[in-house]
Amino acid sequence: MSSKDLSLKSVQKSNRSPIELPNGKIIDDYFVSIKPDVAMVLPITSNREIIFVRQYRHAVGEFFLELPAGNFDPTKESAEVAAIRELREETGYISQEFRKIGTLYDKPSKDTNQIHLFLAEDVSKVGEQQLDITEEIEVVLIPVESVLDKIIQGKISVAGTIAALFLGLNFINY
């Protein structure tokens, strides 16, 4: 088992137990995945470009355009601190204008985690990416006006990113 596999095991746990549904039905073998929360950022430059990260996702064997995001432990840091950190590490960009725009549940039927969404406006590049050894991330800037077409074309297809975009674009002069 690789060190990456070990770190994933320590982050995600599964709880198997019988449950009773609101209608009284008992399910003997129900799994709940206890996962860390996620901080996600919708970063927009002064030129009205959204900063995406393009990275490989092994579960489906493809590259995806996503908003910068990462797991965090809410007992050790706030969602906003995690969002600021993830934006800086994954893209090399920062912003002085962070605003929380929502909290979503990723998959509440089986997972416990929340996605905390932040809008970062007037982001600027301050340095190089600070990636983990397991990360290989390409930074991609896309004009705000082109994002809907990219979603329709299937070029942006990750549900959390799409939810953040639709929610976040309501907070800016689109």
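Along the Cα→Cβ direction, 7 angstrom out, place labels at Ser33 and Leu148. What is the inter-label distance in nm?
3.2 nm
Rounding to the nearest 20 debye, state how big the charge dipole of the chain is about its Cα centre with +1 on each Lys and Arg Cβ and -1 on each Asp and Glu Cβ.
360 debye
For the cross-link pairs Lys76/Lys150; Lys35/Lys155; Lys25/Lys110; Lys25/Lys107; Lys35/Lys76; Lys110/Lys150, which exceed 25 Å when the distance is taken from alpha carbon to alpha carbon?
Result: Lys76/Lys150; Lys35/Lys155; Lys110/Lys150 exceed 25 Å.
Using 7 Å Cα-to-Cβ label points, what is the Asn47/Gln96 separation (nm, one decimal)?
2.1 nm
Go through 153-159, 120-126 and give me the packing order, highest mean Cβ count within 10 Å leading.
Going by the mean number of other Cβ atoms within 10 Å, highest first, we get 120-126, 153-159.
Calculate, in nm to one decimal, what Leu21 and Glu89 gain on full extension: separation in residues at 0.36 nm each, minus their alpha carbon distance.
20.3 nm
Looking at Asn113, Gln55, Val139, which one has the Cα that reaches farthest to the positive end of the dipole of the chain (charges on Cβ: Lys, Arg +1; Asp, Glu -1)?
With unit charges placed on the Cβ atoms, the residue in question is Asn113.
How high is the FRET efficiency from Tyr105 to Glu138, r the C-beta distance, R0 41 Å, rounded to 0.05?
Efficiency, from the Cβ-Cβ distance: 0.90.
Ignoring ligands, DNA and RNA, what percent of the 1.4 Å accessible area of the chain is carbon and sulfur?
Here it works out to 52 percent.
For segment 19-30, what does the Karplus curve 6.51 cos²θ - 1.76 cosθ + 1.60, with θ = phi - 60°, yield as ³J(HN,Hα) per residue in whole Hz, taken in order and with x for Gly and Pro?
Result, ordered by residue: 9, 10, 6, x, 7, x, 5, 9, 10, 6, 10, 10 Hz.
Which whole-Hz couplings ³J(HN,Hα) result when phi for each residue of segment 54-66 is put into the Karplus expression 6.51 cos²θ - 1.76 cosθ + 1.60, θ = phi - 60°, listed in order with x for Gly and Pro?
10, 8, 7, 10, 5, 4, 10, x, 9, 8, 9, 8, 9
Using a Gaussian network model on the chain with a 10 Å cutoff between Cα atoms, which of Val139, Val41, Val32 fluctuates the most?
Val32
The values are calculated or read from the model by the stated rules, or taken from the named source; none is laboratory data. All values derive from a computational prediction rather than experimental measurement. Positions of Cβ are generated from backbone atoms using ideal geometry, with glycine treated the same way; all protein chains shown enter the neighbour counts. Areas reflect the complete protein model, heavy atoms only, side chains present, ligands, DNA and RNA absent. Shrake-Rupley method; radii C 1.70, N 1.55, O 1.52, S 1.80 Å.
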